[in-house]
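Just so it is clear, none of the values below were taken in a lab; they were calculated from the coordinates. Predicted model only: the values in this text are computed from it and were never measured. With ideal geometry, Cβ positions are generated from the backbone for all residues, glycine too; neighbour counts draw on all protein chains shown.
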Amino acid sequence: MDMNAFYIGCEMTRIPELKGKPAAVAGDPKNRGGIILSPNYDARKFGVRTTMLIHEARKLCPEIIFVPPEHSFYSHMSGMVMDILARYAPVIQQNSIDEAWLDLTGCEKLFGKPVEIAEKIMNDIKNELDLWCSIGISENKFLSKMASDMKKPLGITELWESEIKSKLWPLKVREMYGVGKQSEKKLNNIGIYTIGDIARTDKRVLVREFGKYGEEIHMLANGHDPSPVDSESYAENKSISRSTTLGEDTTDIEYLKDILLELSEEVGLEARRQDYSGKTVSIVIKYSDFQTITRQKAMPQAYLTKEIYETGVKLLEDNWNRTRPIRLIGIGIGGTSEEKVQQISLFDLTEEKVDTRKEEKLEKTLDAIKERYGVGAVKRARLITTEKEHKS
Ligand SMILES: [Mg+2]
């Protein structure tokens, strides 16, 4: 599964005015030399492409709208996409912020044929997150990755080993997953231009020219990829985070703590809903001049609002120069804790564990109330009092 125009797609979900207009996420839009990171499909119609310079894009498409990147938001959305994938396959390997492999072995009885599962996934992502993706289906990771690139946007493509001669071999070497600009040049230099050329070249020639890499591309070009879908990397990359751009830039720590508490509550609620506990807490701060820092701290288990919040406040206090106004703040948990969510024996209750247990009970009760009556139904006292102060 590979997301289509992911960054700008995320932006279009929160800035609906961008829809139907050419737009792109671009690094430092105020700077003419800034670079296009993610153009939407309306901008691509004009020839705007990733890595183009801003002024080049503007020449092609004068009405294009630029949005500065906010990576914490994209990784938050990425987490939501991965959660949808996790409904359909027990084994998932996240390959980057916007793509992942799913091992559907044995999933057919539950959800149908691979094509049907792909349709369900695409629809869920579209309906629930308002984002687009493409999906490739095959018997190994390399071929499915190649297939996912063949129809964009919103394409589902099957590419089986029996079809590689007709579908894969005619492609230019540059389109092969794992072949960059440098390798393309070197391959072209010895007369290899298509993936088929790689497949048909004597393996010994490729090994002589490129060593181990030569052996690997020869194998892949022939449609073989023995590497398994490795779910460890999904667990390692998993994260839940929330961030918010403030109404106005602030240096008021009490106000920032309130915001952190609200965000921690959302993160904790989501973690407990998924039975997930992270092993780090991280915060992101964007200053008024757009400089952004992230800091993190390891924890045995991060899933309780109170602990996420307290760790976040500590990170904020330790890393923020109080004179610099903050524009955006976020908090999240990440990684996957080795420890399972606690099953404490009655004979094993240290004072600390009793506290954790109590807090967990309290938070689960709050979660239940929120599920039933809405997120605003119960609030921590800290938020009620300070909300009044801030209004006055
Ligand atoms: Mg991708």
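Which one, W101, S38, S134, projects farthest toward the positive side of the charge dipole computed for the chain from Cβ point charges (K/R +1, D/E -1)?
S38
List, in the order given, every pair from K141/K165; K257/K364; K306/K358; K120/K370; K306/K379 whose Cα-Cα distance in the structure shown is over 20 Å.
Check vs 20 Å cut-off fails for K257/K364; K120/K370.
Above 25 angstrom, tally the Cα pairs of the chain and express them as a % of all pairs, no decimals.
Result: 65 percent of Cα pairs exceed 25 Å.
With the contact rule set at Cα under 8 Å and sequence spacing of 6 or more, what percent relative contact order holds for the range 238-391?
About 32 percent, as a whole number.
If only Cα atoms are counted, what is the Rg of the range 238-391, and what is its Dmax, in Å?
16.0, 54
How high is the relative contact order of the chain, in percent, counting Cα pairs under 8 Å that sit 6 or more residues apart?
After rounding, I find 12 percent.
Note the angle between two axes, namely the Cα long axis of helix 253-274 and the longest principal axis of the Cα atoms of the chain, as a number of degrees from 0 to 90, rounded to the nearest 10.
Between helix and principal axis, roughly 60 degrees.
Below 8 Å, C-alpha to C-alpha, sequence gap of six or more: please give me the relative contact order for the range 163-221 in percent.
Relative contact order comes out at 32 percent.
State to the nearest 20 debye the size of the charge dipole of the chain about its Cα centre, where the only charges are +1 on K and R beta carbons and -1 on D and E beta carbons.
Taking the Cα centre of the chain as origin, the dipole is about 1060 debye.
On C-alpha positions alone, give me the angle between the axis of helix 351-373 and the longest principal axis of the chain, in degrees, nearest 10.
The angle comes out at about 80 degrees.
Give a quick list of chymotrypsin sites (Phe, Trp or Tyr not before Pro) in the range 87-174 that DSSP marks as loop, anything other than H, G, I, E or B, with at most 13 other Cβ atoms within 10 Å.
Sparse-neighbourhood loop chymotrypsin sites (Phe, Trp or Tyr not before Pro): W160.
Return P(r) of the range 163-221 (all Cα-Cα pairs; 10 Å bins starting at 0; whole %; ordered from short to long distances).
26, 63, 11
Going by how many other beta carbons lie within 10 Å of each one, how would you line up C133, C107, C61, fewest first?
Ranking C133, C107, C61 by Cβ neighbours within 10 Å, fewest first, gives C107, C61, C133.
Give, rounded to the nearest 20 debye, the magnitude of the charge dipole that the range 163-221 has about its Cα centre when Lys and Arg contribute +1 at Cβ and Asp and Glu contribute -1 at Cβ.
Roughly 100 debye for the range 163-221.
Can you tell me which aspartates and glutamates have their Cα less than 15 Å from the Cα of K203? Leave out same-chain residues fewer than eight positions away.
Once the sequence-local aspartates and glutamates are set aside, what remains near K203 is E215, E216.
Got a sec? How would K286, K379 order by Cβ neighbour count within 10 Å, fewest to most?
Going from sparsest to densest Cβ surroundings: K379, K286.
Roughly what angle does helix 381-391 make with the longest principal axis of the chain, taking Cα atoms, 0 to 90 degrees, to the nearest 10?
The angle comes out at about 90 degrees.
Mind checking the range 2-75 for trypsin sites (Lys or Arg not before Pro) that DSSP puts in a loop (not H, G, I, E or B) and that have at most 10 other Cβ atoms within 10 Å?
Here the trypsin sites (Lys or Arg not before Pro) that fit, given the DSSP loop and packing criteria, are K30.
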